[in-house]
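Just so it is clear, none of the values below were taken in a lab; they were calculated from the coordinates. Bear in mind the structure is a predicted one, so any value in this text is a computation, not a measurement. Heads up, the Cβs are rebuilt from the backbone with ideal geometry, glycines too, and the neighbour counts pull from every protein chain shown.
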Amino acid sequence: MNRTALWVAAAAMIALGGAGVAPAFAVDPPTAAAKPKPKRQCFFADNVSSFSAVDDRTVNLRVGVKDIYRLDLLGPCHDIDWEHEIGIQSRGSSWICSGLDATIITKTAIGPQRCAVRTVTKLSPEDVAALPSKQKP
């Protein structure tokens, strides 16, 4: 094999080997179908007007006139479904956007009971319409 043939063979091997490696370093272009991040749904703690306890781990809040938020609690909040009033304590500011921002406070015979909130979800109009009447605040 002469020198020119070796150079051609080496160049072909590099080209073929490089072609197999190139896609690993390629960056995918952004696709039009990429989903945007959901917008945070926050509410002002002072705008809560009523509540309804679904069970000892879930509370629905009416905020303003038409908005309803579901608060999933970190653990059971005993006898919350018997309460006529609750308090909501916000941390850091009066805006509640996530579970870390709020604590539900209820009265008990031995003092206040604090129930940590795990998640905050704004219900869609369809979700609100599907709620049983007992669960609507």
Interatomic Cα distance distribution for segment 43-135, bins of 5 angstrom, percent: 3, 14, 27, 27, 19, 8, 2, 0
Set of aspartates and glutamates with alpha-carbon distance to Lys107 below 18 Å, sequence-local pairs under 8 removed: Asp55, Asp56, Asp79, Asp81, Glu83, Glu85
Pairwise FRET efficiency - Ala129 versus Ser94, Cβ, R0 = 35 Å, nearest 0.05: 0.75
Candidates per trypsin sites (Lys or Arg not before Pro) in segment 78-137, loop by DSSP, up to 12 other Cβ within 10 Å: Arg91
Interchain or long-range residues, amide H under 5 Å from Leu123's placed H: Ile68, Tyr69, Arg70
Ranked packing of 63-70, 124-131, most packed first, by mean Cβ within 10 Å: 63-70, 124-131
